[in-house]
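What follows is calculated from the coordinates using simple rules that are stated; it is not laboratory data. Predicted model only: the values in this text are computed from it and were never measured. As a convention, Cβ positions derive from the backbone with ideal geometry for all residues, glycine included, and neighbour counts pool all protein chains shown.
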Amino acid sequence: MAREKRWTQLWLQYKPRRDCGNAAYFGRVVIRGFDRDNAVVKNALAELQKGIGGMLGAQLTEEERTAALAKGSEPPVQMQGILLQRSQAGEIREEGYRIEEANGLLTLSAVDENGLLYGIFHILRVVATEGSLTGISVLVNPDNPLRMYNHWDNMDGSIERGYSGRSFFFEDNQITVDERIVDYARMAASIGINGVVINNVNVKNAATYLITDRYFDKAARLAEIFAGYGIKFFLSLNFAAPIELGGPDSADPLEPSVIEWWKGKMKEVFNRIPNLGGFLVKADSEGRPGPFTYGRTQADGANMLADIVKPYGGIIIWRCFVYNCTQDWRDYKTDRARAGYDNFIQMDGDYHDNVILQIKNGPMDFQIREPVSPLLGGLKKTNQMLEVQVAQEYTGHQIDVCYLIPMFKEVLDYRTYCAPERDTVADVISGRTMGNKYAGIAAVCNTGDDENWTGSDLAAANFYGFGRLAFSMSLTAKDIAQEWICMSFSTDRQVVETITGILLTSRETYEKYTSPLGIGWMVTPHEHYGCSVDGYEYSCWGTYHRADHLGIGVDRSDKGTGYAEQYYEPNASMYNSIDSCPEELLLFFHHVPYNHMLRTGKTLIQHIYDSHFEGVEEVEGMIADWNSIEGKVPEDTSRGVRERFDRQLYNAREWRDQVNSYFYRKSGIADEKGRVIY
Ligand code: GCV
């Protein structure tokens, strides 16, 4: 199939907007203290011109007299226009900015180029959402030092868990460098992303060679494009590269010849790819090689690489997704949920300064509802980063609408009790708890080379929202949704309210018609779309619901696998007891009889029936809502989303019927309301 060469501009369309008094600030521009030839400054100014040109029909004129570098004693600027100035670090921190308007002068101050770029995107957001710049006074510092997108793109052009076409980074084992990469970098920068990993964490075949001469030139070119938008370039690394690339016949991290090989390799790589930020490593996980093969610890592996990249300012981001994927379903003792904690907690404090452990939000694998991983905050002396999945692997494949920002916020707001204060996940991963600088948040990205980037137009809300939330964790899911709708579609009130309503309820709706109360995994194996209640029940992946004729759920209390005990108090006790366990996670933590009475006054089995009927009704409601704004959103968006809704409705009905029939047959208990259950 021919590669799709056209692509939209998503929220950077810069279509005409109501002036709202904003055009007056965009005639004269004065730049102080920033090097006009710096790539980020150039790109920031070009973006400003493009944005205000498209939205307001305005034209910037740069003032010659102040275009040079600041001498530190410049006279105050008195004019109507915009002043872009470098300021001393203080209230404004690295990558942060302040925007103020007084007497017709709009001033954007930042301490570095990234701050300038983000400030300009802030101004463009105000214009695009038809807000007013008059009297504006905001100080914005990023909440997270690292804000990253991880792409699971393979070099043959496929994307692992990709639902929006093929890779725009790779094709036929070559790196692609084209205008689309520039647009991707603009979009990522516009939401505050400052790090991108371009290749899949499962590094195999050609991808192992990304750290060789075969790919250096093009990798460096990509890295340079990203650098122009303040984004560090990262690669996923194959831990067994020494063996596969003709080095020593071992990858033992403590073996001197292996260490020497990596030293030479890293010198070469950092030399050839100047904007390289470091590496992401999936080791000892799902068949990927790692230090366990040599009887070494995860820390041995991570530290060896970290020490070698340190002189180049590099970091090693080491994933904690390490578990036994060859489990026997009859084994009730092994619990996949325990694995991340069990594999990493003992070595807390042993990881070197430039290692960050990257931890998935839940202990299993991006299900629609999971408890927060106890490793987050469980580790008290180790740099940690949160990993979430914007790609909708288990949440509807970008066919079903599932706005994930509310879920991410829930995770960030979760109190771990790892410290008397500053103990939320947001505190831990941003470095506020430990005062560490290597910290942040990463998301598995949901983009591909589809014309609209994300398959469904509505899935772009997650692409947009993750970056905005990573930068400013106190933004609400609703604020982010509304901003994105105004920028992408229209500021029309009905459009904004309708789409906001759809997005904000979509996660609960998806949850209702799929797997109940935190149990997860009733998906078609491998593909992970569509219902298969027992699909993973007898396989080796550690993903069981343990349903029998009396009840369902996994006992992870102290009488079961003991997983609940991995949390600090009071969370451990809360989860441990069926009486205090949050009901939305009940089946994750407990094996519960079908006739167990929930706090809603419904039995468990009735809840399963009701929620599945409700889920389908809610999808029907969403479709009606979407149809009500027909004519107010672009025709291709209207049609494309409607077509996906049809598929979602089909999917929701399948789930409803399969889940309800399964549990009716298991339990023998009829639906109180006598609805059709096959
Ligand atoms: C990149 C899950 C996914 C895999 C993914 C893995 C991971 O198992 O299904 O596709 O591999 O997570 O996060 O490494």
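Can you tell me the dipole magnitude for the chain around its Cα centre, using point charges on the Cβ only (Lys, Arg +1; Asp, Glu -1), in Debye to the nearest 20? Walk me through the numbers on the way to the answer.
Details: 70 positive and 92 negative charges, 172 e Å.
Rounded to the nearest 20 debye, it is 820 debye.
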Q: Starting from the Cα of LYS478, draw a straight line to each of the lysines and keep only those under 16 Å, dropping any in the same chain fewer than 8 residues away.
A: LYS409
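Within the set of other residues whose C-beta is less than 9 Å from the C-beta of GLU511, count the net charge using Lys and Arg as +1 and Asp and Glu as -1.
Details: positive: ARG369, ARG507, LYS512; negative: GLU508, GLU584.
Summing Lys/Arg as +1 and Asp/Glu as -1 gives +1.
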Q. What is the set of long-range amide H partners of LEU357 at a cut-off below 5 Å, with H atoms built 1.01 Å from backbone N?
A. TRP318, ASN383, GLN384, MET385
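Looking at segment 10-140, what % of its DSSP beta bridges pair antiparallel, to the nearest 5?
Percent antiparallel among DSSP bridges in segment 10-140 is about 45.
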Q. For the chain, what is the relative contact order in percent, using Cα pairs closer than 8 Å and at least 6 residues apart in sequence?
A. 12 percent
Q. Out of residues 5 or more away from LEU146 or on other chains, whose amide H comes under 5 Å of its own, with H placed 1.01 Å from N in the peptide plane?
A. ALA439, GLY440, ILE441
Q) Farthest toward the dipole's positive end in the chain, which of ILE499, TRP626, HIS352, given Cβ charges of +1 (Lys, Arg) and -1 (Asp, Glu) about the Cα centre? A) HIS352
Q: Pop out the ³J(HN,Hα) list for segment 223-235 in order, Karplus 6.51 cos²θ - 1.76 cosθ + 1.60 with θ = phi - 60°, rounded to Hz; leave Gly and Pro as x.
A: 4, 5, 4, 4, 4, x, 10, x, 10, 7, 9, 10, 10
**Q.** Burial order of peptide ranges 242-248, 598-604 (average beta-carbon count within 10 Å, highest first)
**A.** 242-248, 598-604
Q: For segment 481-494, just list the computed ³J(HN,Hα) in residue order, Karplus coefficients 6.51, -1.76 and 1.60, θ = phi - 60°, integers in Hz, with x standing in for Gly and Pro.
A: 4, 5, 4, 5, 5, 4, 6, 8, 10, 6, 8, 4, 4, 5
Q) Roughly how big is segment 146-488's charge dipole about its Cα centre, with Cβ charges of +1 (Lys, Arg) and -1 (Asp, Glu), in debye to the nearest 20? A) 760 debye
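Just to be sure I understand: of the beta bridges DSSP finds with both ends in the chain, what percent are antiparallel, rounded to 5? Write down the numbers at each step before the final one.
On the way: 18 of 63 bridges.
Of all bridge pairs located within the chain, approximately 30 percent are antiparallel.
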Q: Output ³J(HN,Hα) for segment 571-581: one whole-Hz value per residue in order, computed from phi by the Karplus curve 6.51 cos²θ - 1.76 cosθ + 1.60 with θ = phi - 60°, and x for Gly and Pro.
A: 4, 4, 5, 4, 6, 5, 9, 4, 6, 9, 5
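With a cut-off of at most 11 other beta carbons within 10 Å, and DSSP calling the residue loop, which chymotrypsin sites (Phe, Trp or Tyr not before Pro) in segment 473-531 qualify? Please list them.
Numbers: sites: TRP484, PHE489, TYR510, TYR513, TRP521, TYR529; in loops: PHE489, TRP521, TYR529.
For chymotrypsin sites (Phe, Trp or Tyr not before Pro) across segment 473-531 that sit outside H, G, I, E and B with at most 11 neighbouring Cβ atoms in 10 Å, the list is empty.
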Q. How much of the calculated P(r) for the chain lies past 37 Å, in percent of all Cα pairs?
A. 39 percent
Q. What's the center-to-center distance, using Cα atoms, between segment 219-249 and segment 601-622 in Å?
A. 47 Å
Q) With each run of n ≥ 4 DSSP H residues scored as -39500 (n - 2.57), what mean residue ellipticity at 222 nm is computed for the chain after dividing by its residue count and rounding to the nearest 500 deg cm²/dmol? A) -10500 deg cm²/dmol
**Q.** Point-charge dipole on Cβ atoms (K/R +1, D/E -1) for segment 187-308, about Cα centre, debye to 20
**A.** 420 debye
Q: Would you list which lysines come within 26 Å of LYS265, measuring only between C-alpha atoms, while excluding same-chain residues fewer than 8 positions from it?
A: LYS204, LYS218, LYS232, LYS282, LYS310
Q: Take the Cα gyration tensor of segment 386-486, multiply each eigenvalue by 5, square-root it, and list the three semi-axes largest first, rounded to whole angstrom.
A: 27, 13, 12
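For segment 146-488, give the share of DSSP beta bridges that are antiparallel, in percent and rounded to the nearest 5; count only bridges with both residues there. All intermediate terms of the calculation are to be shown ahead of the outcome.
Values: 4 of 37 bridges.
Taking every DSSP beta bridge within segment 146-488, about 10 percent pair in antiparallel fashion.
How big, on average over all directions, is the shadow cast by the Cα convex hull of segment 146-488, in nm²? Before the final figure, lay out the partial values.
Working: hull surface 66.7 nm².
Average of the hull's projected areas for segment 146-488 equals 16.7 nm².
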Q. Check ILE315: other-chain or 5+ apart residues with amide H under 5 Å from its amide H, H built from backbone geometry?
A. GLY278, PHE279
